[in-house]
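A.B. asks: This structure is in structure tokens; I'll ask about it shortly.
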Amino acid sequence: MMSASILQPGQIEQPAGEIPFVRLPERKTLFRQRASRLRGLADGHRIADFLNFMAQLADAQQDAIDTFPKVFLPDASMLDLCHEHGMPPLPARTWARNPAWRDVLKRMLAVLETEATPQVRDAVERLDAMAPAELETIADNILAQRQETLDLALAPLVAAALQVYWTHMATTLGAEAFGRGGIANLCPVCASSPVASVVRIGGSEQGLRYLHCSLCSTEWHMVRVKCSNCEASQRLAYFGIEGARDAVKAEACDDCGSYLKIVYMEKDPLVEPVADDIATLALDVMMNDSGKPRSGPNLMLFTAGWV
Ligand SMILES: [Zn+2]
Ligand SMILES: [Zn+2]
């Protein structure tokens, strides 16, 4: 059973101007908080084992970003050029990746292997045995969202290392390096699609809606009651699973025919877009049954085979 409610355009819009457009993730706590949220959601959950494994992966990501090596970053003149043309400075699909990301992946795999199930151990061993070029091809396919080409057991592990790499670059450059991107529904840092949007609480961000990048976890502002995919506002509806928490809804648009989840901190201050998205797979199943595809990926959810 689904329930729907319709909000009117302009109902909750904020005055423009004083709104922080880009919110970079807090690198000291991002992945640790995600891990902790995943463990909290796992309690009594139908897919508790999977959520607990995802928590382990997020912990490995935090350890990896805490010790990430120095890598090449765009300089001031490159950043200026990007600003001028509304281009994201760290574009996921075309960025020349530093090989350091593969060392970080290897270190994460070594940590995961110590407590792994036979399935995870198999995935870790296969990745460990791969040549650099094979890992780069998987990375290319993940970043270009060519989901049909991906091995579902391997992709989330590789994606986890790529998330660490991009989050490291974004937070090292700092928020002032990024302006508005040319395309409202893509991340102004890396041009990836959002995993979900979040309605925030507290201070100048009270009630504001931000899209949360599926790759670098940067958040960028978009007014509420507007489709995060096509920006239409006339034919939106919000769906939840009856009897479940209302902190997570699917925002569905009849103009472009897609949906993306929206999480509400005012309903639960601990919501975390990636974690809460994974824990509400049942909502995706219902939305897919209604014939609407998701407009953005969760890079941890190439793992359908493990659930
Ligand atoms: Zn991004
Ligand atoms: Zn739309």
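The values are calculated or read from the model by the stated rules, or taken from the named source; none is laboratory data. Note that the coordinates shown come from a computational prediction; the quantities given were computed from them, not determined experimentally. Don't worry about glycine lacking a Cβ; one is built from the backbone with ideal geometry, like all the others, and counts go over all protein chains shown. Side chains included, ligands, DNA and RNA excluded: accessible areas come from the protein's heavy atoms. Shrake-Rupley method; radii C 1.70, N 1.55, O 1.52, S 1.80 Å.
A.B. asks: Which residues, counting only those in the range 245-268, are open to solvent by 50 Å² or more (accessible area, probe 1.4 Å) and more than 9 Å from ligand 2 (Cβ to nearest atom)?
C.D. replies: Within the range 245-268, 245, 246, 266, 267 qualify.
A.B. asks: Okay, next question. Please go through the range 269-294 and give me each residue that is of a type in the set (D, E, K, R), more than 20 Å from residue 31 (Cα to Cα) and more than 16 Å from ligand 2 (Cβ to nearest atom), ordered by number.
C.D. replies: Across the range 269-294, the qualifying residues are 284, 289.
A.B. asks: Among the residues that make up the range 21-31, is at least one of them part of a helix (DSSP H, G or I) and in contact (Cβ under 8 Å) with a residue 24 or more places away in the chain?
C.D. replies: Scanning the range 21-31 turns up at least one residue that is part of a helix (DSSP H, G or I) and in contact (Cβ under 8 Å) with a residue 24 or more places away in the chain.
A.B. asks: A further question follows. Right, residue 215: aliphatic (A, V, I, L, M), within 14 Å of ligand 2 (Cβ to nearest atom) and buried (at least 23 other Cβ atoms within 10 Å of the Cβ) or not?
C.D. replies: no
A.B. asks: In addition: Of (1) buried (at least 21 other Cβ atoms within 10 Å of the Cβ); (2) within 14 Å of ligand 1 (Cβ to nearest atom); (3) at pLDDT below 95, residue 183 satisfies all except one. Which?
C.D. replies: So the condition that residue 183 fails would be (1).
A.B. asks: State whether one or more residues within the range 24-33 are polar (S, T, N, Q), in contact with a Lys or Arg (Cβ under 8 Å, 6 or more places away or on another chain) and either open to solvent by less than 70 Å² (accessible area, probe 1.4 Å) or at pLDDT 95 or above (or both).
C.D. replies: No; the residues of the range 24-33 include none that is polar (S, T, N, Q), in contact with a Lys or Arg (Cβ under 8 Å, 6 or more places away or on another chain) and either open to solvent by less than 70 Å² (accessible area, probe 1.4 Å) or at pLDDT 95 or above (or both).
A.B. asks: Return a yes/no flag: does the range 80-98 have any residue that is open to solvent by 60 Å² or more (accessible area, probe 1.4 Å), hydroxyl-bearing (Ser, Thr, Tyr) and either over 30 Å from residue 134 (Cα atoms) or modelled with pLDDT under 95 (or both).
C.D. replies: For the range 80-98, residues open to solvent by 60 Å² or more (accessible area, probe 1.4 Å), hydroxyl-bearing (Ser, Thr, Tyr) and either over 30 Å from residue 134 (Cα atoms) or modelled with pLDDT under 95 (or both): absent.
A.B. asks: Scan (1) surrounded by fewer than 18 Cβ atoms within 10 Å (Cβ to Cβ); (2) closer than 28 Å to residue 161 by Cβ; (3) among the basic types (Lys, Arg) for the single condition residue 235 breaks and write down its number.
C.D. replies: Of (1) surrounded by fewer than 18 Cβ atoms within 10 Å (Cβ to Cβ); (2) closer than 28 Å to residue 161 by Cβ; (3) among the basic types (Lys, Arg), only one is false for residue 235: (2).
A.B. asks: Output the residues belonging to the range 101-145 that are open to solvent by 40 Å² or more (accessible area, probe 1.4 Å), closer than 28 Å to residue 194 by Cβ and out of contact with any helix residue (DSSP H, G or I) (no Cβ under 8 Å at 6 or more places or on another chain).
C.D. replies: 137, 140, 145
A.B. asks: Hey, another quick one. Within 24 Å of residue 160 (Cα to Cα) and outside any loop (DSSP other than H, G, I, E, B): which single residue out of 211, 301 fits that description?
C.D. replies: Selected residue: 211, the only one of 211, 301 that is within 24 Å of residue 160 (Cα to Cα) and outside any loop (DSSP other than H, G, I, E, B).
A.B. asks: Next question, about the same structure. At pLDDT below 95, more than 9 Å from ligand 2 (Cβ to nearest atom) and either open to solvent by 30 Å² or more (accessible area, probe 1.4 Å) or under 26 Å from residue 90 (Cβ atoms) (or both): is that true of residue 242 in this structure?
C.D. replies: Answer is yes for this residue.
A.B. asks: Might you let me know whether the range 137-146 holds any residue that is under 19 Å from residue 216 (Cα atoms) and in contact with a strand residue (DSSP E or B) (Cβ under 7 Å, 6 or more places away or on another chain)?
C.D. replies: No, there is no match, as no residue in the range 137-146 is under 19 Å from residue 216 (Cα atoms) and in contact with a strand residue (DSSP E or B) (Cβ under 7 Å, 6 or more places away or on another chain).
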